[in-house]
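We did not get these values from a lab; they are worked out from the coordinates using the rules stated. All figures in this text were calculated on a predicted structure; none of them were measured in a lab. Note: ideal-geometry Cβ built from the backbone for every residue, glycine included; neighbour counts use all protein chains shown.
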Amino acid sequence: MKCRVCRDPAVIKIERHNANFCATHLQRLCRDQTAKAIKDYEMFGPDDRILVAVSGGKDSLALWDILIELGYEADGLYIGLGIGAAGEYSDESGAYARSFAADRGLRLLEVDLVAEYGYDIPNGSKAAKRAPCSACGLSKRHLFDKAAVDGGYDAVATGHNLDDEAAVLFGNVLRWQTEYLGRQHPVLPARNGFPRKVKPLVRLGEREMAAYCIVGGIDYILDECPMSAGNKHLAYKDALNDIEVMSPGTKQAFYSRFIDHAAHRFVDEDEHGDAVLSDCISCGAPSSNEICAFCALVERATQPVAAPTRRKREKAEHS
Ligand code: SF4
Ligand code: ZN
Ligand code: ZN
């Protein structure tokens, strides 16, 4: 197996390009594809300051590395979510993010849900009666937005790759959730007090990101989040991977052609797009209600657990 560019031994075969790449040319491919996505979708310019949402996983660390290699000014933000037994999974993820930043002299901002807001995702999602990924997504979106606005960043960049975005699109199309289709574009402009959000890795697959980290000596957390079990997107990814094996390139065509030719038709269906927002009375963030969804979550997640009623106590004693 030889590299398509230099004929040296290859480290990866990328079926949808029908080509093999050595370590050097894999790195170049990943950087070129990221630069192309940034340029084609007008994500940001050379003087913009970027805040990278860093989880300690392969995608976000690879993205941070690539942006720095491309010459952008990019800081990281890690959010401690308190996931895993005694928060172990989050502690480990945070250690990878910190060590990546320290090794390269990069600036990593940190927010800790437990220390700063008094809840973690496992307990908070239960108390708020939300699925863990829903409580987690809401918390992360709010805190990334806040950090970007407070820090004067021009855009928040996340490590969503082609597999992630194609799986989300697949799920939305299967149920014709047209109100979400308008939000699938890899750039969401700044509006209503929210910062611009960009996904520069949408032209790269999960395997390429893992390989990019391995050849570049980027250590990342290998384990999946323990709360991801049952997440429908994993099943959508598997389904798309089966199709991809039969017909390489389908995933990229499915996603890219939607973005390039059809996504704009659904922008008006995004009910939150042009909503008139006021300031949350608790935190000041833009919100369609008096209290924003994040503050409502914090309130429910941190309220003291009510003592069990006598009936419940008796039932527990006799069970
Ligand atoms: Fe959060 Fe769900 Fe992702 Fe885990 S899998 S980090 S709970 S969104
Ligand atoms: Zn090569
Ligand atoms: Zn609020």
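Could you list the residues of the range 135-166 with an amide nitrogen less than 18 Å from a label point located 7 Å from the Cα of residue 243 in the Cα-to-C-beta direction?
Hits in the range 135-166 for residue 243 at 18 Å: 161-166.
If you take every residue apart from residue 126 with its C-beta less than 13 Å away from the C-beta of residue 126, what net charge results, scoring Lys and Arg +1 and Asp and Glu -1?
Its environment carries a net charge of +2.
Taking the Cβ of residue 47 as the center, what net charge do the other residues with Cβ under 12 Å away carry, scoring Lys and Arg +1 and Asp and Glu -1?
Surrounding charge for residue 47 is -2.
When the helix-only estimate is applied to the chain (DSSP H runs of n ≥ 4, each -39,500 (n - 2.57), divided by the residue count), what is the mean residue ellipticity at 222 nm, nearest 500 deg cm²/dmol?
Value at 222 nm, helices only, nearest 500: -14000 deg cm²/dmol.
Based on the mean of other Cβ atoms within 10 Å per residue, sort peptides 132-139, 103-110 so the most packed one is first.
By packing density, highest mean first, the sequence is 132-139, 103-110.
Between residue 107 and residue 8, how many nm apart are label points set 7 Å from Cα along the C-beta direction?
The answer from the label model is 3.5 nm.
Tell me whether the range 1-111 comes out rounded, prolate or oblate; compute the Cα gyration tensor, take square roots of the eigenvalues as a ≥ b ≥ c, and use a/c under 1.5 as the rounded threshold.
In terms of gyration-tensor shape, oblate.
Within the chain, which DSSP H helices have Cα atoms that stretch 20 Å or more along the helix axis and a mean Kyte-Doolittle hydropathy of at least -1.0?
Correct list, ordered by number: 23-40, 132-150, 232-246.
Where Lys and Arg each count +1 and Asp and Glu each count -1, what net charge lies around residue 61 among other residues with Cβ under 13 Å from its Cβ?
Here the count lands on -2.
What is the chain by shape, rounded, prolate or oblate, if you read a ≥ b ≥ c off the alpha carbon gyration tensor as root eigenvalues and call it rounded for a/c under 1.5, prolate for a/b larger than b/c, and oblate otherwise?
It comes out prolate by the Cα gyration axes.
Normalising by the residue count of the chain, find the relative contact order in percent from Cα pairs under 8 Å and 6+ residues apart.
20 percent
Tell me, Kirkwood radius of the range 138-283 from alpha-carbon pair distances, in Å?
Averaging 1/r across every pair of different Cα atoms and inverting gives 17.1 Å.
Taking 4 °C and 1.567 mPa s as the conditions, I'd like the Stokes-Einstein D for the range 130-171 in µm²/s, using the Kirkwood hydrodynamic radius from alpha carbon pairs.
For the chosen part, D equals 108 µm²/s.
Please list log₁₀ I(q)/I(0) at q = 0.23 Å⁻¹ for the range 62-171, using the Debye equation with identical point scatterers on the alpha-carbon positions.
Each listed q corresponds, in turn, to -1.41.
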